[in-house]
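Beneath this line is the structure, given in C-alpha cells, with notes to follow.
The values are calculated or read from the model by the stated rules, or taken from the named source; none is laboratory data. None of these values were measured; they are calculated from a predicted model. Cβ placement follows ideal geometry from the backbone for every residue including glycine, while neighbour counts extend to all protein chains displayed. Note: accessible area is taken over every heavy atom of the protein model, side chains too, but ligands, DNA and RNA are not part of it. Shrake-Rupley method; radii C 1.70, N 1.55, O 1.52, S 1.80 Å.
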Amino acid sequence: MDYLLNYPSGKHIENAQQQIEYFKRQRTQKNEERNQIIDKLRTNPNSFTPSMLRTHLDDNKITKNDLLNAGIPIEIINRLDNTITPELKLGETPNSIPEGYTEVYFWGNPGSGKTCALAAVLSTAYKMGYLEIDRARI
C-alpha cells in the first residue's frame, strides 16, 4: 500500500496491486474460517476438543474473547493451557470386513454408554430381522 502511495506510477505497481489483492483474499478467508469456528462453537460447544481449541488459539484463528462470546465459560478457557488430551493409536482402519467376521468393539470410560449403544444396535438388528438364526448352519 505504501508503494502505491509513494510511487503511483512506479514500474512495480501491478505486482503491488496483486499483492494487495492476495492479502485481502487471505484476510477474507481467515475471517470466514474464524466465523465458521465461532458459529460451530455457539451451535455445539462440544464439537471441539480442548486441544482443538488450544490449536485454534495458538494459530490466532480465534481469541479468548471469541470463546467467551460463544458462551464458553472463563473457567474452561483458563484450563485450556493445562489440558492434556490423550492420544489413541488404534492402528489402520480396514477398508472392508473380511468374510465371516462379526466382531464389534466398544471402548470408553465406565458409564459412558457403551452398553446402551450396543443394546440399541442389537435391538435395531433384531427388529430388522438381521439376528435370525440360520437354521441351515445348525
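Name the residue that is modelled with the lowest pLDDT, counting only residues in the stretch 45-60 that are in a loop (DSSP other than H, G, I, E, B) and under 20 Å from Lys30 (Cβ atoms). Walk me through how you get there before you give the answer.
Kept after step one, since they are in a loop (DSSP other than H, G, I, E, B), are these residues of the stretch 45-60: 48-49, 59-60.
Keeping just the survivors that are under 20 Å from Lys30 (Cβ atoms) gives 48, 59-60.
Working: Phe48: 87, Asp59: 92, Asn60: 91.
Result: Phe48.
Is at least one residue of the stretch 4-11 open to solvent by less than 100 Å² (accessible area, probe 1.4 Å) and either polar (S, T, N, Q) or part of a loop (DSSP other than H, G, I, E, B) (or both)? Outline the logic, then answer.
Step one: filter the stretch 4-11 for residues open to solvent by less than 100 Å² (accessible area, probe 1.4 Å), giving 4, 8, 10.
Still in the running and either polar (S, T, N, Q) or part of a loop (DSSP other than H, G, I, E, B) (or both): 8, 10.
Within the stretch 4-11 (the criterion being open to solvent by less than 100 Å² (accessible area, probe 1.4 Å) and either polar (S, T, N, Q) or part of a loop (DSSP other than H, G, I, E, B) (or both)), the answer is yes, since at least one residue qualifies.
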| Within the stretch 127-138, can one find any residue that is at negative phi and touching a residue at least 12 places away in the same chain (Cβ under 8 Å)? | no
| message | What pairs come out if I take residues in the stretch 83-109 that are open to solvent by 100 Å² or more (accessible area, probe 1.4 Å) and pair them with residues that are not in a loop (DSSP other than H, G, I, E, B) whose C-beta lies under 8 Å away, six or more apart or interchain? | response | Trp107/Lys114
| From the residues in the stretch 110-138 that are of a type in the set (Lys, Arg) and loosely packed, with under 10 Cβ neighbours inside 10 Å, which one is modelled with the highest pLDDT? | Lys127
| Do any helices (runs of 4 or more DSSP H) lying entirely in the stretch 61-138 carry at least 2 residues that are under 30 Å from Gln26 (Cβ atoms), and which ones are they? | 64-69
